[in-house]
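Let me begin by presenting the structure, written as structure tokens, before commenting on it.
The values are calculated or read from the model by the stated rules, or taken from the named source; none is laboratory data. Note that this is a predicted model, so its numbers are computed, not measured. Virtual Cβ from ideal backbone geometry, glycine too; neighbours counted across all protein chains shown.
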């Protein structure tokens, strides 16, 4: 994804608003997609309303081509998505308050292609982790929801350990070399280390460590 963002900056004159819009769109896509997948997961949730999860799961299959849906998962999904929506709306409100552009102007053809690429990559991830060999039968809704919320956790880590130090470096460079530091250079100074950090955080070994710490 960050290769596409780099192309957007260099070739299509994207600004910081476009980048934030794409990042927020990715968070929404991932959360909604894994919330849908959580409907199909068959295993009970440990330490959560034990009596309810010991009952017969009674799956239903309204669409023959899709896996069966487990109604007992719905309450957990709605509770998590509501809390997520409240948290996410704070960032959206901040974004809207400082942006004087409409959503239609933000959703340019190039931004739409990047968001489409995000959707395709996440669908591939869902296929590999939950649908291949019917592995959703061995997963719980809590696992799916946790995967859907990981971009938020990565965002917080990146904000503290990447964005803040990068801002210090950019401000220092702008003070020392004001003629060299331009808009695209500043944006790339953020996008490249963010992309590298996200790649590192998505490594299986790193995600396992972070999950155990949580």
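Restricting the search to region 175-214, which residues are in a loop (DSSP other than H, G, I, E, B) and modelled with pLDDT of 70 or more?
If the condition is that a residue be in a loop (DSSP other than H, G, I, E, B) and modelled with pLDDT of 70 or more, then 177, 178, 179, 202 are the ones that fit.
Would it be correct to say that residue 123 is modelled with pLDDT of 90 or more, assigned to a helix (DSSP H, G or I) and more than 26 Å from residue 13 (Cβ to Cβ)?
Answer is yes for this residue.
Read through the list (1) closer than 22 Å to residue 147 by Cβ; (2) at pLDDT below 85; (3) in contact with a helix residue (DSSP H, G or I) (Cβ under 7 Å, 6 or more places away or on another chain), then give the number of the only condition that residue 99 fails.
Unmet condition: (1).
Of all residues in region 107-119, how many are farther than 25 Å from residue 150 by Cα and either without any contact (Cβ under 8 Å) to a residue 12 or more places away in the chain or touching a helix residue (DSSP H, G or I) at 6+ places or on another chain (Cβ under 7 Å) (or both)? Break it down stepwise before answering.
Initially, region 107-119 is screened for residues farther than 25 Å from residue 150 by Cα, giving 108-110.
So of that shortlist, the ones also either without any contact (Cβ under 8 Å) to a residue 12 or more places away in the chain or touching a helix residue (DSSP H, G or I) at 6+ places or on another chain (Cβ under 7 Å) (or both) come out as 109-110.
Summing the residues that are farther than 25 Å from residue 150 by Cα and either without any contact (Cβ under 8 Å) to a residue 12 or more places away in the chain or touching a helix residue (DSSP H, G or I) at 6+ places or on another chain (Cβ under 7 Å) (or both) in region 107-119 gives 2.
Could you please find all residues in region 157-172 being under 22 Å from the mean Cα position of the chain (by Cα) and either in contact (Cβ under 8 Å) with a residue 40 or more places away in the chain or closer than 16 Å to residue 195 by Cβ (or both)?
Answer for region 157-172, where residues must be under 22 Å from the mean Cα position of the chain (by Cα) and either in contact (Cβ under 8 Å) with a residue 40 or more places away in the chain or closer than 16 Å to residue 195 by Cβ (or both): 157, 158, 159, 161, 162, 163, 166.
Among the residues of region 138-147, are any assigned to a helix (DSSP H, G or I) and without any contact (Cβ under 8 Å) to a residue 12 or more places away in the chain?
Of the residues in region 138-147, the ones assigned to a helix (DSSP H, G or I) are 138, 141-147.
Subset that is without any contact (Cβ under 8 Å) to a residue 12 or more places away in the chain: none.
Scanning region 138-147, I find no residue that is assigned to a helix (DSSP H, G or I) and without any contact (Cβ under 8 Å) to a residue 12 or more places away in the chain, so the answer is no.
Determine which single condition residue 66 fails, assuming it passes every other condition in (1) more than 30 Å from residue 13 (Cβ to Cβ); (2) part of a helix (DSSP H, G or I).
Among (1) more than 30 Å from residue 13 (Cβ to Cβ); (2) part of a helix (DSSP H, G or I), residue 66 violates only (2).
Determine which single condition residue 151 fails, assuming it passes every other condition in (1) modelled with pLDDT under 85; (2) assigned to a helix (DSSP H, G or I); (3) more than 30 Å from residue 74 (Cα to Cα).
Unmet condition: (3).
Among what's in region 135-156 and is surrounded by 11 or more Cβ atoms within 10 Å (Cβ to Cβ) and under 16 Å from residue 23 (Cβ atoms), pick the residue that is nearest to the chain's Cα centre (by Cα).
151
For the structure I just gave you, tell me whether residue 132 is at pLDDT 80 or above, in a helix (DSSP H, G or I) and loosely packed, with under 11 Cβ neighbours inside 10 Å.
yes
Looking at region 120-129, which of the residues that are surrounded by fewer than 15 Cβ atoms within 10 Å (Cβ to Cβ) and in contact (Cβ under 8 Å) with a residue 40 or more places away in the chain is nearest to residue 145 (Cα to Cα)?
123
Are any residues in region 82-97 closer than 24 Å to residue 153 by Cβ and without any contact (Cβ under 8 Å) to a residue 24 or more places away in the chain, and if so, which ones? Give the steps one after another, and end with the answer.
So in region 82-97, the residues closer than 24 Å to residue 153 by Cβ come out as 82-96.
Correct list: 82, 83, 85, 86, 89, 90, 93, 94, 96.
Would you check which residues across region 97-116 are loosely packed, with under 15 Cβ neighbours inside 10 Å and closer than 22 Å to residue 11 by Cβ and list them?
101, 104, 105, 107, 109, 112, 113, 116
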